[in-house]
Amino acid sequence: MSSKSSAEIQFAPYRAYRDLVTQLDELSSLTEYSYGLAQQLLFKGGPEKVDVEGPTKSEQELSYGMGDQDVKSVEMMCEWVPPEVYAEREELSVDDVTIRASQGHLGPVRQNAEGKSVVLWPPKYHQMGESEWPELGKKKFLVTVAITAKASSDLNPADLAKFEEIQQEFLRLAHALGEPGKVGERAKELLNRSVFVLEWIAFEVFLRSTVQELVRRHPHMLAAGKRGKENITMNDLIQLSAGLTDIATLRDNLAIKAIESQEYAGESVHGLLNFLKSQFKFRTDPYSAWYVLRGNRKTTCYNELLELKATRNALVHDGGRVSAAFQAAYPAVPIRDGLVVINNEFYLRASLALRSIAYLVSETIDANEYTA
């Protein structure tokens, strides 16, 4: 197979994929440089130099959802209680409470559902209006709720006259996250994690687009092999072809069905690659792409892609938490305190593997080294 540079490959799904991963590289690089600059500011301006009081925001500037509310405490403020309970709480005798209540010194005396006398506790509510009292048989509580709200900053970075003010606000927010070195490390891992998930999505989209494009070029392949023996109902035919009015729509929908059939049971990427290998008989195994990691040449394989898929699933579906079985199956995945950590080394390897496989698939198609 002739070797082409990425820029020379004309396969449309690959060009779109390359554009997207280039944008991810730009995002990652720009963010990493920003982190570096931020860390320098943090080390230079220690917590003692930062104004801990940030700017206040009005209620009209805050935005939050149902899940952003957290009940911090629930305190019982007022209730109707029998004389003996009132006596215990106020460290009085029951007789004293009974006499004082009969003389009207303990506020209103009511009869509960059982016909027993009850008084209002605590004493400070005796002088308040009835609107402040709970209904008979009920209690009044003070609930403290913390809300994590978002508010847009009104500081304009282009306004150099406010340089010191903007720097102070940045340092205040950054120092609140913790020690600068740890904050920087955690921030980079979170960036790697986000970009890794996005890169996996881009790779999946590339493979789906590849299958759709090959079916568009060679629609007869939908009937090749075992697929040629599959039945399609008249109703399916009408639905898939927009009422028998559009053959292109029929072709595209059949391609989608073919893709869906390869993605069952979570196979997704592997199912699509295997479909390309078997249905279009690629002369080069897509799993055998190579890349160089810190001077060492490595070759991708089925199991490496399986490891990356399992890691992606753990991040997306389980918040990164993995079992002992996962750790035993994929020892090369960095784990800390039972959580997947996407460090620089792992992200670099994953990125190179995915991009190399995408390149090899595209070069094979561009060179017409497959059967259709």
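Things to note:
- Test: residue in region 361-370 that is among the aromatic types (F, W, Y), out of contact with any strand residue (DSSP E or B) (no Cβ under 8 Å at 6 or more places or on another chain) and part of a helix (DSSP H, G or I): no
- Any hit, region 67-82, residues being closer than 22 Å to A151 by Cα and free of Cβ contacts under 8 Å to residues at least 40 places away in the same chain: yes
Residues checked against (1) touching a helix residue (DSSP H, G or I) at 6+ places or on another chain (Cβ under 9 Å); (2) of a type outside the set (A, V, I, L, M, F, W, C):
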site: E61; (1), (2): no, yes
site: G65; (1), (2): no, yes
site: M76; (1), (2): no, no
site: V97; (1), (2): yes, no
site: P108; (1), (2): yes, yes
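- Picking from residues in region 275-297 that are of a type in the set (S, T, N, Q) and modelled with pLDDT of 85 or more, the one that is farthest from S356 (Cα to Cα) is N296.
- Within region 23-75, restricting attention to residues that are aromatic (F, W, Y) and at pLDDT below 85, the residue that is surrounded by the most Cβ atoms within 10 Å (Cβ to Cβ) is Y35.
- Under the condition of being under 25 Å from the mean Cα position of the chain (by Cα) and of a type in the set (A, V, I, L, M, F, W, C), the residues counted in region 57-81 number 3.
- Boolean, F196 is modelled with pLDDT of 75 or more, of a type in the set (F, W, Y), within 21 Å of F282 (Cβ to Cβ) and in a helix (DSSP H, G or I): no
- Residue tally, condition loosely packed, with under 14 Cβ neighbours inside 10 Å, of a type outside the set (D, E, K, R), out of contact with any helix residue (DSSP H, G or I) (no Cβ under 9 Å at 6 or more places or on another chain) and not in a loop (DSSP other than H, G, I, E, B), over region 304-355: 5
- Residue pairs whose Cβ atoms lie under 6 Å apart, sitting 6 or more positions apart in sequence or on different chains, and linking a residue in region 92-110 that is at negative phi to a partner that is crowded, with 16+ Cβ neighbours inside 10 Å and hydroxyl-bearing (S, T, Y), are V97/Y86.
- Subset of region 55-112 (residues that are among the small types (G, A, S) and in contact with a His (Cβ under 9 Å, 6 or more places away or on another chain)): G107
- For region 127-145, the criterion of being assigned to a helix (DSSP H, G or I) and surrounded by 10 or more Cβ atoms within 10 Å (Cβ to Cβ) is satisfied by at least one residue.
- Scanning region 320-372 for residues that are without any contact (Cβ under 8 Å) to a residue 12 or more places away in the chain and of a type in the set (G, A, S) gives S323, A324, A325, A328.
- Top-ranked residue of region 111-126 - restricted to ones that are over 25 Å from V74 (Cβ atoms) and in contact (Cβ under 8 Å) with a residue 12 or more places away in the chain, ranked as surrounded by the most Cβ atoms within 10 Å (Cβ to Cβ): S117
The values are calculated or read from the model by the stated rules, or taken from the named source; none is laboratory data. Since the model is a prediction, treat every value here as computed from it, not as a measurement. Every residue, glycine among them, receives a Cβ derived from its backbone with ideal geometry; neighbour counts consider all protein chains shown.
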